[in-house]
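Novice: For reference, the structure I am asking about is given below.
The values are calculated or read from the model by the stated rules, or taken from the named source; none is laboratory data. Source: prediction; values computed, not measured. All Cβ positions, even for glycine, are placed from backbone atoms using ideal geometry, and neighbour counts span all protein chains on display. The accessibility values were calculated without ligands, DNA or RNA, using every heavy atom of the protein model including side chains. Shrake-Rupley method; radii C 1.70, N 1.55, O 1.52, S 1.80 Å.
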Amino acid sequence: TEGHTLIHPSIFGHKSLQYAAEKAGFAMIWREDMNNYGQSSWIFKKGKPTISCFMIVKNEEGDLRECLQSIRPHVDEMIVLDTGSTDKTREIAKAEGAKVFDSRYFNADTQYQEFDFSKARNESIKYATGDWLIWMDADDRLETIKFNLSPDWDAYYARIKYGNTSYNQARIFRNNWGVHFKGAVHEYPVIDGLRLGIMLGCTVNHKSGNKEGRTDRNLTILQGEYERDPTNKRTIFYLANASREAGKYAEAVTYYEEYINSGGNFHDELVLAYYYKGLSYYCLRQYDKSLNALHQTMAFDDRWAEPYS
C-alpha cells in the first residue's frame, strides 16, 4: 500500500521486490493486481519460464519435419503423440528432437467414427512439462521471433494464416491451469476464466488444401457426433461444411438451414451459413434458390463482399 511503500520502500515496494527477486535468479511468471487495495499477488520461479509444444500426428511424414524445425528454436520441449502412424512419422519426430509417445486410445486400427481429436489432444497435454504450452498441427509452420510471455496473461491468441484468410486462435496457454479441448473435429481449447491476450509477432501458417481422405474422415466423425447430440450447433455448422466439401450439396443445404434456424453460435458463422447455402444450391443447379440465399446473406449482413461476387 502507499503507506507501506513510504515506511519500508526496500521491502514492500513492488519494483524493489521484483528487482531483488530477478537479481537472485527468479522470474515473475504470474501477477494479478488487487484493484483499489494497492496490493498484488505474484508467483516467482527459479529460472526463466519454459514452454512446450504439443501435437497429435498420424502419417505426417510429408509435413512433420518442416513443422518441428519451425518451432524447435522457440520452445524448450516438443511433444508428439502418435495415434497410429504406419509411415516414417515417428522416426522423423525423434530425429528432430521431439519426445514421441503412443496414444493409449487410438492406433492404426482405429476407425474414423471412433476417433476424437479433442480426446487425443487432451491426452498429449499430459506429457508436456513446460510452464507454458503451444499446440500445433503437422501442417502448421511457426513464424515468430520470440514468445513474449507476460505474467499479466494466462493465454494468448496467435495469428493463423490459412490460404488467403487469417484469424486469431487461442494457441498458447499456461500448463496445469485446467485448459482442455472440446470437439471431435476442429477441436478448440476451453480457456474460460483465463486472462486472454494477443501474442504480437506470433503467426502460424496453416497449409491450405485437404489431404487425401481428410474430408471423408471429418464427415464420418461429425456424423457420429451429430447422431450423439443433434442439438450441438457447432457440430451442425461443421457437418454442413464437411458435406459441402464432400460434394453432398443437398445434405449441406439441409444442415445449413438447420444451423440458421437454430440461431447459430456466432454472427460470422451465420453469415457463412447463408452464403454457403447459396453456393450449395448453385452446385445443385438450383439457381433461383441460390440467388435467394445470396440475397438473404446480404440482408443479414451487407458488409460481406462474398455474396456480391
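Novice: 5 Å is the cut-off here: which amide hydrogens, built 1.01 Å from N in the peptide plane, fall below it relative to Trp30, excluding neighbours closer than 5 in sequence?
Specialist: Under 5 Å from the amide H of Trp30: Ile43.
Novice: Okay, moving on. Give the angle, between 0 and 90 degrees and rounded to the nearest 10, that separates the Cα long axis of helix 14-23 from the longest principal axis of the Cα atoms of the chain.
Specialist: 90
Novice: Using only alpha-carbon positions, what ratio does the radius of gyration of the range 258-309 give when scaled by 2.2 N^0.38 Å? Show your work: numbers first, answer last.
Specialist: Working: Rg = 10.4 Å, N = 52, 2.2 N^0.38 = 9.9 Å.
That works out to 1.05 for the range 258-309.
Novice: Follow-up question, since we're still on this one. Counting heavy atoms of the protein chains only and a 1.4 Å probe, report the per residue accessible area for the range 16-56 as a whole number of Å².
Specialist: On the way: 2550 Å² over 41 residues.
Ligands and nucleic acids excluded, the figure is 62 Å² per residue.
Novice: Considering every pair of different Cα atoms, what Kirkwood radius, in Å, is found for the chain? Present the calculation step by step, with values, prior to reporting the outcome.
Specialist: Numbers: mean 1/r = 0.0452 Å⁻¹.
For the chain, the Kirkwood estimate is 22.1 Å.
Novice: I've got another one for you. Roughly what angle does helix 214-228 make with the longest principal axis of the chain, taking Cα atoms, 0 to 90 degrees, to the nearest 10?
Specialist: Roughly 90 degrees, rounded to the nearest 10.
Novice: Please list the non-local residues whose amide H lies under 5 Å from the amide H of Ile51, H modeled 1.01 Å from N, same-chain partners needing a gap of 5 or more.
Specialist: Asp76, Glu77, Asp131, Trp132
Novice: Can you list the residues, at least 5 places off or on another chain, whose amide H is less than 5 Å from the amide H of Val204, using H built in the peptide plane?
Specialist: Glu143, Arg159, Ile160, Lys161
Novice: Evaluate the charge dipole of the range 186-309 about its Cα centre and quote only its size in Debye, nearest 20, assuming +1 on the Cβ of each Lys and Arg and -1 on the Cβ of each Asp and Glu. Please list the in-between numbers first.
Specialist: Numbers: 14 positive and 17 negative charges, 58 e Å.
Magnitude of the dipole: close to 280 debye.
Novice: Can you give me the pair-distance distribution of the range 140-190, C-alpha pairs, 5 Å bins, whole percents?
Specialist: Per 5 Å bin, starting at zero, the Cα-Cα P(r) for the range 140-190 comes out as 4, 15, 23, 26, 20, 9, 3 percent.
Novice: State, as an integer percentage, the relative contact order of the range 124-239 based on alpha-carbon contacts under 8 Å between residues 6 or more apart. Let's see the in-between values first.
Specialist: Values: 155 pairs, mean separation 34.2, N = 116.
The value is 29 percent.
Novice: What is the magnitude of the charge dipole of the chain about its Cα centre, with +1 placed on the Cβ of each Lys and Arg, -1 on the Cβ of each Asp and Glu, and no other charges, expressed in debye to the nearest 20?
Specialist: Numbers: 38 positive and 43 negative charges, 149 e Å.
For the chain, the charge dipole is close to 720 debye.
Novice: So, one more: Taking only the Cα atoms of the range 29-122, how large is their convex hull per residue, in Å³? Mind showing how you got there, number by number?
Specialist: Values: hull volume 14.1 nm³, N = 94.
Dividing the Cα hull volume of the range 29-122 by its residue count gives 150 Å³.
Novice: If you don't mind, there's one more thing I want to ask. Would you mind calculating the relative contact order of the chain from Cα pairs under 8 angstrom and at least 6 residues apart, reporting the percent as a whole number?
Specialist: Numbers: 536 pairs, mean separation 36.8, N = 309.
So the answer I get is 12 percent.
Novice: In whole Å, what is the distance between the alpha-carbon centres of the range 56-98 and the range 147-203?
Specialist: 21
Novice: Compute the orientation-averaged projected area for the range 59-102 from the convex hull of its Cα atoms and round it to one decimal in nm². Working shown, then result.
Specialist: Details: hull surface 10.7 nm².
Averaging across all directions leaves 2.7 nm² for the Cα convex hull.
Novice: A follow-up question, please. What Kirkwood Rh does the range 157-309 have if only Cα atoms enter the pairwise 1/r average? Answer in Å.
Specialist: For the range 157-309, the Kirkwood estimate is 17.1 Å.
Novice: For the range 111-177, what mean projected area does the convex hull of the alpha carbons give, in nm²? Walk me through the numbers on the way to the answer.
Specialist: Working: hull surface 25.2 nm².
Computed as one quarter of the Cα hull surface, the answer is 6.3 nm².
Novice: When Rg is the radius of gyration of the Cα atoms in the range 174-229 and Rh is its Kirkwood radius, what does Rg/Rh come to? Before the final figure, lay out each step's value.
Specialist: Details: Rg = 15.5 Å, Rh = 14.4 Å.
That ratio equals 1.07.
Novice: Compute the angle between helix 267-283 and the longest alpha-carbon principal axis of the chain, please, reported from 0 to 90 degrees and rounded to the nearest 10.
Specialist: That works out to roughly 30 degrees.
Novice: Calculate how many DSSP beta bridges within the chain are antiparallel, expressed in % of all such bridges and rounded to the nearest 5.
Specialist: Details: 26 of 48 bridges.
So the antiparallel bridges in the chain amount to around 55 percent.
Novice: Additional query: Only loop residues by DSSP count here, and only those with at most 13 other Cβ atoms within 10 Å; note down the trypsin sites (Lys or Arg not before Pro) in the range 32-121 that meet that. Display every interim value, and only then the final one.
Specialist: On the way: sites: Lys45, Lys46, Lys58, Arg65, Lys88, Arg90, Lys94, Lys99, Arg104, Lys119, Arg121; in loops: Lys58, Lys88, Arg104.
Qualifying residues, ordered by number: Arg104.
Novice: Let me ask something else. Would you please state the base-10 log of I(q)/I(0) at q = 0.10, 0.14, 0.20, 0.21 1/Å for the range 85-200, with intensities from the Debye formula using one equal scatterer on every alpha carbon?
Specialist: Debye curve over Cα of the range 85-200, log10 I(q)/I(0) at q = 0.10, 0.14, 0.20, 0.21 Å⁻¹: -0.35, -0.70, -1.34, -1.42.
Novice: Heavy atoms only, probe 1.4 Å: what % of the accessible area of the range 155-197 goes to carbon and sulfur, would you let me know? Before the final figure, lay out each step's value.
Specialist: Working: 960 of 2120 Å².
Here carbon and sulfur together make up 45 percent of the probe-accessible area.
Novice: Next question. Which of the pairs Lys46/Lys94; Lys126/Lys161; Lys58/Lys99; Lys248/Lys277; Lys182/Lys233 have their Cα atoms more than 21 Å apart in this structure?
Specialist: Violating the 21 Å Cα-Cα cut-off are Lys46/Lys94; Lys126/Lys161.
Novice: Leaving out ligands and nucleic acids, and using a 1.4 Å probe, what accessible area per residue does the range 83-186 come to in Å²?
Specialist: On the way: 5140 Å² over 104 residues.
Result: 49 Å² per residue.
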